[in-house]
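Q: After the structure tokens below, expect a handful of questions from me.
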Amino acid sequence: FQFFWLSLNVWLFGKTFLLYKQGLQYYYLHQMLGLGLCVSRASASVLNLNCCLVLLPMCRVLLAFLRGSQKVASKKTRRLLDKSKTFHVTCGVTICIFSVLHVAAHLVNALNFSENYNEEFVTLNAANYRGEDPRKLLFATVPGLTGVIMVLVLFLMCTASTYAIRVSNYDIFWYTHSLFFVFYMLLMLHVSGGVLKYQTNLEEHPPGCFNPNKTLRQNLTVPKAFEELFPDYTTEPFPEDLPVPEPFVQNSFMRVCSEEPKFQSHFPETWFWISGPLCLYCVERLYRYIRSNKPVTITSVISHPSNVLEVRMMKDDFEARPGQYVILHCPRVSALESHPFTLTMCPTDTKATFGVHLKVVGDWTERFRDLLLLHSNQDTEILPIFQQRRYPKLYVDGPFGSPFEESLNYEVSLCVAGGIGVTPFASILNTLLDGWKCYKLRRLYFIWVCRDIESFRWFADLLCMLHNKLWQENRPDYINIQLYLSQTDGIQKIIGEKYQALNSRLLIGRPRWKLLFDDIAKCNRRKTIGVFCCGPNKISKILHKLSNSSNSYGTRFEYNKESFS
């Protein structure tokens, strides 16, 4: 997809480049600026498109609305919506690439405006005189100064978006990305300068035409045809009522001008491109603020092994589907920062409680844990805490859609989790525990890979309850559970009567993915299987590759990966 989008933008760049190079209305400006004009305007057209579209994937409410099965009937279309984050990143990379071209072209243009100052077309010049310092055009004009500031803002946003910075210090990524609003305000000012102009009177003054008045005033040689027609003409104005012979106009090597060229600045087309998406995004942000301005009621906090915290909450009129996620904002932790977490428990008709599991791995989650728990150091026992008065205010924005909503819409689904990546599937398992017959899903392969045995205890009770329920309903083949342990330390801790159903499904080592896919394809011939993954990139790449490979059983695998948009 990234290659296709980049190719499309290169094509747009090429078409716009030729338009400005061959367009008659840009003849005189092209004579002054050369290829700098074509490159700057062609890159600007690409930037307009991408600055328009880069905001749409961030309209989470709109995507959640469209992703609903009743809004978009086609599964393929809904799967395209799941690529929203990839599209956002692709547009961002495209903006960076063509911004470099745009800046380089305008640096050349500033130099050409100064060196190629044209006294005949004063209005066409951006410089005030020949030899003017090009730095004045960059730092003493509205388009130049706003362009410089936008380059600095874009540089901060791009560098802070790299994987290394996002992992080491997410706060830097969050705060620099919040500068996007400043970037768009500067962009609207940037295009209002009207530096580049086009000719408006092409009929009256075709580019390269002959102007007898100007020619005689400048003591230039007059064509012989005019000398024969007007032998006594010297410095008087060209008679307007005297027609020029038609044969000369039609057959001569040049046309005659009837007036001087007139130039006009382009209307800021960027406003048309970005005003719609920007207004849509602002309206959505306002709606989300109104929807989430009331804090939730925290009913319980549970400390799980391996630094995992479970928070259960209640909120009026809160509805969510299995697989969706919410954004948590705790002002006492950070005034502006918020983070997405997948719902592990969704509200139903019989209970209004919903919850999330979060891994304590960063500054935000550590401060959040310390505020929720009475003591920062908890043992490995599951510990409910009921001191409600100690809980800080917590705001929930959402829910928002994710690819895992589709897991119940396949007849066969393969769900693969790595460590804390099991959270998207917890709400799905909880939903199946409440009732599975109303969904299209008839067989679920659940693969969970963890490093240590304690991690399995997060949802061990849930897995055992679902397993027992399906056995009681005579559907033991409905779910196939495989738990893989990469480290063997402490394996004896899970052996016991309580988790007997899981003990027989616990395997040491890592899954042999190729054999696993072949076995699933053999058991589900000529069916379409949804593959859902939430875990390390290494596992994700392997599953993606295997899903795209063919097999001899006619089974088709459709790959989906968790991606918070």
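Q: Quick check on residue 448: is it assigned to a strand (DSSP E or B) and either at pLDDT below 80 or not acidic (Asp, Glu) (or both)?
A: When the stated conditions are applied, residue 448 passes them.
Q: Please enumerate the residues belonging to region 407-434 that are in a loop (DSSP other than H, G, I, E, B) and either assigned by the TED database to the domain that holds residue 303 or open to solvent by 20 Å² or more (accessible area, probe 1.4 Å) (or both).
A: 411
Q: If you take just the helices (runs of 4 or more DSSP H) that sit entirely in region 46-150, which of them hold at least 3 residues that are open to solvent by 20 Å² or more (accessible area, probe 1.4 Å) and touching a residue at least 60 places away in the same chain (Cβ under 8 Å)?
A: 60-67, 75-81, 84-115
Q: Go through (1) among the charged types (D, E, K, R); (2) surrounded by fewer than 19 Cβ atoms within 10 Å (Cβ to Cβ); (3) touching a residue at least 24 places away in the same chain (Cβ under 8 Å) for residue 443 and report which single condition fails.
A: (2)
Q: Another question, then. Taking into account only those residues within region 537-563 that are among the charged types (D, E, K, R) and open to solvent by 20 Å² or more (accessible area, probe 1.4 Å), which is modelled with the lowest pLDDT?
A: Top of the filtered list is 561.
Q: While we're here: Test each condition in (1) buried (at least 16 other Cβ atoms within 10 Å of the Cβ); (2) farther than 15 Å from residue 410 by Cα; (3) modelled with pLDDT under 90 for residue 524 and report the one that comes out false.
A: (2)
Q: Restricting attention to region 424-440, report how many residues are over 18 Å from residue 467 (Cα atoms) and in contact (Cβ under 8 Å) with a residue 40 or more places away in the chain.
A: The total comes to 1.
Q: Which condition from (1) surrounded by 14 or more Cβ atoms within 10 Å (Cβ to Cβ); (2) modelled with pLDDT of 85 or more; (3) over 25 Å from the mean Cα position of the chain (by Cα) is the one that residue 397 breaks?
A: Checking residue 397 against (1) surrounded by 14 or more Cβ atoms within 10 Å (Cβ to Cβ); (2) modelled with pLDDT of 85 or more; (3) over 25 Å from the mean Cα position of the chain (by Cα), the one that fails is (3).
Q: If residue 195 passes every condition in (1) touching a residue at least 60 places away in the same chain (Cβ under 8 Å); (2) part of a helix (DSSP H, G or I) but one, which one does it miss?
A: Only one criterion is unmet by residue 195, namely (2).
Q: Taking region 343-379 as the search range and keeping residues that are over 17 Å from residue 420 (Cα atoms) and surrounded by fewer than 13 Cβ atoms within 10 Å (Cβ to Cβ), which one is modelled with the highest pLDDT?
A: 351
Q: Being on the phi < 0 side of the Ramachandran plot, at pLDDT 85 or above, surrounded by fewer than 19 Cβ atoms within 10 Å (Cβ to Cβ) and among the aromatic types (Phe, Trp, Tyr) is the requirement here; does residue 289 meet it?
A: It is true that residue 289 is on the phi < 0 side of the Ramachandran plot, at pLDDT 85 or above, surrounded by fewer than 19 Cβ atoms within 10 Å (Cβ to Cβ) and among the aromatic types (Phe, Trp, Tyr).
Q: Still on this structure, I have one more. From the list 63, 55, 154, which residue is farther than 22 Å from residue 266 by Cβ and touching a Phe, Trp or Tyr at 6+ places or on another chain (Cβ under 6 Å)?
A: Only one candidate passes the filter, namely 55.
The values are calculated or read from the model by the stated rules, or taken from the named source; none is laboratory data. This one's a predicted model, so the numbers in the text were calculated from it and none came from an experiment. No Cβ is skipped: glycine too gets one built from the backbone with ideal geometry, and neighbour counts run over all protein chains shown. Each accessible area value is taken on the protein alone, full model and side chains, heavy atoms only, with ligands, DNA and RNA left out. Shrake-Rupley method; radii C 1.70, N 1.55, O 1.52, S 1.80 Å.
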